[in-house]
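Peer 1: Got a structure here, written out as structure tokens. Questions coming.
FYI, it's all coordinate maths here, none of it is from the lab. This one's a predicted model, so the numbers in the text were calculated from it and none came from an experiment. Cβ: placed from backbone, ideal geometry, glycine included. Neighbour counts: every protein chain shown.
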Amino acid sequence: MTAHRIVVRRYGPAALHTVPLIRRAALDATRDVVGGDKILMLSVGASSFVAEPLRLATELTTRPAARQRTHILGAADQITAALLAMALHELGVPAVSLTWDQTGLTPRSVTEGARSGQLNCDRVRAAIEQHFAVVLASACFTTGDGDISALDDAVVGLAAIALGRALDARYSVADTRTYIPNPDRLERTLP
């Protein structure tokens with residue numbers, strides 16, 4: 001466990017869809033770091049960053065395959081997380097962006113962890129030990145059979161809660177349009 005307090009911030013797509021909003025989120029996180037905290041930021045990708053690829057998809061086909069659209073949206077998530085980490089670096093905060101696959105988290109582990117209070121987040125904890133800010137790109141993950149799937153916004157909200165508990169962190173909702181999910185509803189939606 002770090003000597004620093006950990007703050008978990010969750011941002012929805014509307015909260016990070018422009019450069020000024022990303023800068024504002026980075027500035028808020030920087031204030032927390034200056035105050036002695038370490039930050040775990042969960043970001044859901046802003047589709048504005050992949051508007052052109054989505055437009056191209058509809059130009060190429062009238063029925064874009066769901067799997068391919070998910071890849072495009074996953075790219076938005078990774079772009080958003082990378083931009084947020086870059087904005088933090090620009091403000092002097094050592095930051096890294098990670099995908100769910102890099103953390104070993106799955107929707108099922110998050111749901112079970114939220115219910116039991118036990119979530120294995122060793123990789124997240126290790127990243128927080130090395131960096132003042134960790135940005136978790138949270139819209140996509142790889143399924144057990146190697147396919148890619150998009151995460152429901154409710155799962156991302158639940159992940160923020162479960163990670164906050166597992167890391168003994170202070171939980172903060174940065175995107176006020178985000179809601180706290182019902183874990184019973186999530187169980188029916190998991191792969």
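Peer 1: How large is ³J(HN,Hα) for each residue in the stretch 112-124, as worked out from phi by the Karplus curve 6.51 cos²θ - 1.76 cosθ + 1.60 (θ = phi - 60°), to whole Hz, x for Gly and Pro?
Peer 2: 5, x, 5, 6, 8, x, 10, 9, 7, 10, 4, 5, 5
Peer 1: Residues with beta-carbon under 12 Å from that of L83, excluding L83: net charge, scoring Lys, Arg +1 and Asp, Glu -1?
Peer 2: Values: positive: R23; negative: D77, E90.
So the surrounding residues net to -1.
Peer 1: Okay, next question. With 10 angstrom as the radius, rank H89, H131 by how many other C-beta atoms surround their C-beta, starting from the fewest.
Peer 2: H89, H131
Peer 1: What ranking do 63-76, 156-169 get when scored by the average of other Cβ atoms within 10 Å per residue, highest first?
Peer 2: Numbers: 63-76: 15.6, 156-169: 22.4.
Most protected by this proxy first, the peptides run 156-169, 63-76.
Peer 1: Now for a different question. Would you order S48, S109 from fewest to most other beta-carbon atoms within 10 Å of each residue's own beta-carbon?
Peer 2: Lowest count first: S48, S109.
Peer 1: Shifting gears a bit: Net charge near Q130, counting Lys/Arg +1 and Asp/Glu -1 over other residues with Cβ under 14 Å of its Cβ?
Peer 2: Working: positive: K38, R123, R125; negative: D122, E129.
Charge balance near Q130 sits at +1.
Peer 1: Looking at the square roots a ≥ b ≥ c of the eigenvalues of the Cα gyration tensor of the stretch 17-142, which shape do they give, rounded for a/c under 1.5, prolate if a/b is larger than b/c, or oblate?
Peer 2: It is oblate, given that a/c is not under 1.5 and a/b is not larger than b/c.
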